[in-house]
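*Asks:* Have a look at this one before I ask anything.
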Amino acid sequence: MTTITKGAALRIALAAKAMSDVDMRAFTLKLAEKLGLPINEDKLATLTVADLKLVLSGEETVEPDVDAASLKLAVRYLWGENGDDDNSVPKPDAYNEGEMPGSLRVAVASNSADNLDGHFGSAPRFLIYQVGRDAIKLIDVRPTLVADAAEDKNVARSELINDCQIVYVQSIGGPAAAKVVRANVHPIKFPQPAPARVALARLQGTLEAPPPWLARIMGVEAKSLSQFTHDEETEEA
């Protein structure tokens, strides 16, 4: 008798990857204790976040600091959801490359709809926006499922957004942040969940006179430094 179906095994593998500290073999054995054999898709679909916390209570399975977002994502994978078919996800706006000169490309880690509410390592998708002085356009939606199948999912997630200058996240760990920076993307934490455009509107408001950190990203001179340079040139004259 088959003890675990192929579909159930795939769901368990994805759930384990969503929680980076989980040992998949121990996790599977714990699920077998909870659900009984054989493990199939119908049984996995009955699990809740509370059930998952109980399954993960053994020291051999997971460290105690798995974040809530990762747990929720793992449960969604166990249910058979992959983040690609969520009807609440917004559709990209019409956009032609280069039509917004002087704009920034910004990734937003999102768990739901058009919200900035995702952890870098577990969000099911990145919303990609082009942010200019006069407009904010959603130009792409990038599911992270393929990246999470990679050996190093944080590197793969960084590569997924390496055409962006900035990524907004609700949270991100130090090692993951270092990999994002190595991909030439600047991570910004926005701890409170909010519509993505709330954070992006704040960023948009600084484009006219960008602070030094943003000016470096944009490849322009910060206004505060520009005035200092002008004063020096005047004194020398």
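No value in this document is a laboratory result; all are computed from the given coordinates. This is a predicted model, so every value here is computed, not measured. Heads up, the Cβs are rebuilt from the backbone with ideal geometry, glycines too, and the neighbour counts pull from every protein chain shown.
*Asks:* Could you line up Glu159, Glu208 from fewest to most neighbouring Cβ atoms inside 10 Å? Working shown, then result.
*Replies:* Working: Glu159 15, Glu208 8.
Ascending Cβ contact count within 10 Å gives the list Glu208, Glu159.
*Asks:* Another question, then. Going down the table (Lys72/Lys153; Lys43/Lys72; Lys91/Lys179), which pairs top 26 Å between alpha carbons?
*Replies:* Lys91/Lys179
*Asks:* While we're looking at this one, here's another question. Using the 10 angstrom Cβ neighbour count as an exposure proxy, how do Tyr129, Tyr168 rank, fewest first?
*Replies:* The most exposed by this proxy come first: Tyr168, Tyr129.
*Asks:* With the radius of gyration and the Kirkwood radius both derived from the Cα set of segment 104-205, what is their ratio Rg to Rh? Don't jump to the answer; show the numbers that get you there.
*Replies:* Values: Rg = 12.3 Å, Rh = 13.1 Å.
Radius of gyration relative to Kirkwood radius: 0.93.
*Asks:* Further, regarding this structure: Using a 10 Å cut-off around each Cβ, can you sort Ile217, Ile12 from fewest to most neighbouring Cβ atoms? Mind dumping the intermediate values first?
*Replies:* Numbers: Ile217 15, Ile12 21.
Listing Ile217, Ile12 from fewest to most nearby Cβ atoms yields Ile217, Ile12.
*Asks:* Using the Kyte-Doolittle scale, find the helices of the chain whose mean hydropathy is at least -0.5 and whose Cα atoms extend 15 Å or more along the helix's long axis, counting only whole DSSP H runs. Numbers along the way, then the final one.
*Replies:* On the way: long enough: 6-18 (18 Å, 0.78); 24-35 (16 Å, 0.27); 68-79 (17 Å, 0.80); 223-236 (20 Å, -1.75).
For the chain, where a helix must reach 15 Å along its axis and average at least -0.5, the hits are 6-18, 24-35, 68-79.
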